[in-house]
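Taking it in order: structure first as structure tokens, then the write-up.
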Amino acid sequence: MKAPSNQDLIDFVLHEARLLDDLRFDDWLALFADDGRYWMPLARGQTERRLHCSLMDEDTLLLKVRIERLHGQRTFSQQPASRCHHLLQQPTVESRDDAGGIYVTRTAFHYVETRQDEQQLYAGWATHTLRMTDDGLRIALKRVDLVNCDAAFGNIQLFM
Amino acid sequence: MYRDNPDAIAALVRDTEVHKDCYTSPELFQLEMEHLFANTWVYVGHASQVPNAGDFYATTLGDQPVVMVRQPDGSVKVLHNRCLHKGVKVAPDGAGHAGRHFRCPYHAWTYKLDGALQSVPLRQGYDHTGFEHCEASRGMPQVTTRVYRDFVFGRLAPTGVSFEDYFGESLSTLDNMVDRSPEGRLEVAGGVLRYLHRCNWKMLVDNQTDTCHPMVAHESSAGTAVRVWKQAPEGTPKPMAVELFAPFVSPYEFFEKMGIRVWDNGHGHTGVADSIHAAYSPVPGYWEAMAAAYGEERAKQILGEVRHNTVYFPNIMVKGPIQTLRLFKPIAADRTLVESWTFRLVGAPDLLLERTLMYNRLINAPTSVVGHDDLEMYERAQQGLLSRGTDWINVARLFDPAEFGQLPDPAGVVTNGTNEWQMRNQMRAWVRYMTASMKQGAAA
């Protein structure tokens, strides 16, 4: 198993956002390891996941529920459907563990979610913990820190 | 059109119909702030948010800026959060510590923690001005406050219905939530979820005891969760998330049988005999702690109470078995901020708080699929009510003229779980407390 280059890691993060913008959610979910998680903390610098609330803390089962729901005939909050747009800063490789096959990247982003005539802008940082597997890189943890994580929000229906 | 016109306000609520203006009219919203939210006991916060003398929590009561503050003697008071000089909010929004007094950040007028004016810089500048006769010299006004088992309520009107008369037996839900702690104490824990809704605050209150919507509106979320879970390989342990989601799509019969209890003054709860919170997995060590604290019989009685949603009119909902409190903060006729708070049962295993927090995240967050289902309905209703095709909202389900004679029965009345009586009950209380202090105007 060849260790990924820094460029491979950056390309992975860019590709992941591209799948979301293309609304290819099933392909996006396939990027997660079986035990992968998508975490959006509620507090700045939050480290506690169990005994502090988060906006999202999803395993692949909960992500699958969300994705299936987006396609549902009776999912009225998606009729019409939402769309999204990621504007990413160049990801930086924060750490490499070639022996363990674990890599961490950090990516500043602006994210737009729209539905009907409404457009919402969010800003934050995505931290990807990627794991090298036999099938290639997979997401062990995607952490999304919004700059205003503790603000009052309306619906956030897609993925940042 | 409605100001100083109690007859017109009373005419908005028929036996089985409510006029759409209650949900759309900016004038009625303003009158709600001046009358309904002044004459009733409104939740402000929890005493555990201000553990030490000088700790404060600044928030709103209706549309009024207020600050809840712990006094040197250990009591909790609620003050109008406004400097008597130029009107600056003396305490910044949210939690903080004032020390021994509040000091306005604009001109350094200072107030004791009970609101009394303590000092003004260059005081001699007010000599011979008649300052002692000004409102300012009286300090920050206190809101009539009642702390019930650490839940802090305020009544803005200086006189009116007493706390006990207003809530009556409905306090049993707060009692049950507190009693679920082996030490008989709750603490706010885990952060608050804040969710903006572009709809009238009463749509959220109505929804709390609306048991005919989950199997329809939440088919997309809870229904999908159940379907996805069915694809898991045989023998996979049921995740906590599925256990929390699944009961939402119980059939109509389940909700009919679980019952609703209605109390006077607009309070009521779903989940009398059974509820969607009744069948959660046991938490290791919890029963033992409860039995040790209360004895087995009493512990069984406390945990056997599985009330679903209790509405404390006007604007909170409490879930005893899952230790959450939702506060529907009115902002405008078509705008509401929903705050979902969670509590730790002091002395109970952490797993209970973990379950509470997961429930709050899955159901009440702006990122929650269940929340998305509901908000879509509220916003469509807010827009649909602009229709001039018809003026009335229907709340006739299981109406019985006899219900007028049944309240006030202090114990409340138990009825079919899909009865819309609780919605009618809320609007009857709405008329009562909207008009209680309203004078008939000359124009009416």
Q: Would you be able to tell me the number of residues in segment B:191-217 that are away from chain A (no Cβ under 14 Å) and part of a loop (DSSP other than H, G, I, E, B)?
A: 5
Q. Which is touching a Phe, Trp or Tyr at 6+ places or on another chain (Cβ under 7 Å) and either basic (K, R) or buried (at least 21 other Cβ atoms within 10 Å of the Cβ) (or both), of B:T367, B:T310, B:T324, B:T342?
A. B:T324
(Q) If I go through segment A:41-88 residue by residue, how many of them are facing chain B (nearest Cβ under 7 Å), part of a strand (DSSP E or B) and under 22 Å from A:R18 (Cβ atoms)? (A) 1
Q) touching a residue at least 12 places away in the same chain (Cβ under 8 Å), surrounded by fewer than 24 Cβ atoms within 10 Å (Cβ to Cβ) and under 18 Å from B:P284 (Cβ atoms): does that describe B:R335? A) no
Q. What is the residue count in segment A:36-86 for residues that are without any contact (Cβ under 8 Å) to a residue 12 or more places away in the chain and of a type in the set (V, I, T)?
A. 3
Q. Would you pick out the residues in segment A:116-160 that are open to solvent by 40 Å² or more (accessible area, probe 1.4 Å), assigned to a strand (DSSP E or B) and either acidic (D, E) or without any contact (Cβ under 8 Å) to a residue 40 or more places away in the chain (or both)?
A. A:E118, A:Q119, A:Q120, A:L121, A:W125
Q.
Can you tell me which residue is nearest to the chain's Cα centre (by Cα) among those in segment B:387-402 that are under 14 Å from B:C22 (Cβ atoms) and open to solvent by 50 Å² or more (accessible area, probe 1.4 Å)?
A. B:N394
Q) Could you say which residue among B:V42, B:V13, B:V50, B:V18 is over 21 Å from B:D264 (Cα atoms), among the hydrophobic types (A, V, I, L, M, F, W, C) and at pLDDT 95 or above? A) B:V50
Q. Is at least one residue of segment B:283-301 surrounded by 18 or more Cβ atoms within 10 Å (Cβ to Cβ) and either in contact with a strand residue (DSSP E or B) (Cβ under 6 Å, 6 or more places away or on another chain) or modelled with pLDDT under 95 (or both)?
A. no
Q: Determine whether B:E243 is charged (D, E, K, R), away from every other protein chain (no Cβ under 11 Å), assigned to a helix (DSSP H, G or I) and more than 20 Å from B:Y280 (Cβ to Cβ).
A: no
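The values are calculated or read from the model by the stated rules, or taken from the named source; none is laboratory data. Since the model is a prediction, treat every value here as computed from it, not as a measurement. Don't worry about glycine lacking a Cβ; one is built from the backbone with ideal geometry, like all the others, and counts go over all protein chains shown. For accessibility, only protein heavy atoms count, side chains too; no ligands or nucleic acids. Shrake-Rupley method; radii C 1.70, N 1.55, O 1.52, S 1.80 Å.
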